[in-house]
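Reading through the structure tokens given below for one structure.
Computed from the coordinates by the stated procedures, all read-outs in this text should not be read as laboratory data. Note that the coordinates shown come from a computational prediction; the quantities given were computed from them, not determined experimentally. Cβ coordinates were reconstructed from backbone atoms using ideal geometry, including for glycine residues, and neighbour counts include every protein chain displayed.
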Amino acid sequence: MTEKIEQIIIAKSKEIFISQGFAGARMQAIADAAGINKALLHYYYRSKEKLYVHVVQEIIEEIVKNIITIIESESDVESKIKNIVEMYSMMIKEYPKLPLFFLNEIHEDPDRLIRAINKYKDRIINIQNQLDLTDLEHLDTSAHFLVNVISMSVFPFLAKPLLNRLFFDQSDYQFDRFIEDRPRVISDVLKNSLK
């Protein structure tokens, strides 16, 4: 029972933090969404910051685990890029406001976000080190590589309202087709830029 309540709290907190950010989220709203009283929520998580840190760490853990699985696979670099982009796309389809959440949190209070993800710093550095970039000699560092992959994957979701108006006649179907094609396009762009 206790574990189930905690899972519900985390699921509802994730929805609220992602849609409203740290500043906009209210413990009472989280308690209401979880179907519990505020006192019980405070029993599990003494403060909004502790709950926020737990939620952000869960999101980062999922991303890091997925990337490590992809990086450690026997696939070539091109396939790894494509798989990482597909992973980001699937995650953002599940949580469409996730890129805006991270962007807002970075600008609002980067130290709070750093405290939440600091636990994964070594694992993120390890991901950079595990990338086999020997074929990609003129790419300065694996950090550039990861930033390129992430930015090219995430930007279309951040710019969806603009892209939908400019290119897709407000059609979510056309935008989704565009997103489905992104892993191949990003992989091709990065591969061609390295020739």
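Pairs of alpha-carbon atoms within less than 8 angstrom and 6+ residues apart define the contacts here; what relative contact order does segment 1-46 have, in percent?
Result for segment 1-46 is 36 percent.
The radius of gyration of the Cα set in the chain, together with its Dmax, comes out at 18.7, 60 angstrom.
In this structure, Ser171 and Tyr43 have a Cβ-Cβ separation that, at R0 = 41 Å, corresponds to a calculated FRET efficiency of about 0.30. Annotation: extensible slack from Phe155 through Arg184 equals 8.9 nm (criterion: 0.36 nm per residue apart, minus Cα-Cα distance). For the chain, the relative contact order works out to 24 percent when only alpha carbon pairs closer than 8 Å and six or more residues apart are counted. How tilted is helix 48-71 with respect to the longest principal axis of the chain? Cα atoms for both, answer in degrees (0 to 90, nearest 10). So the inclination is approximately 30 degrees.
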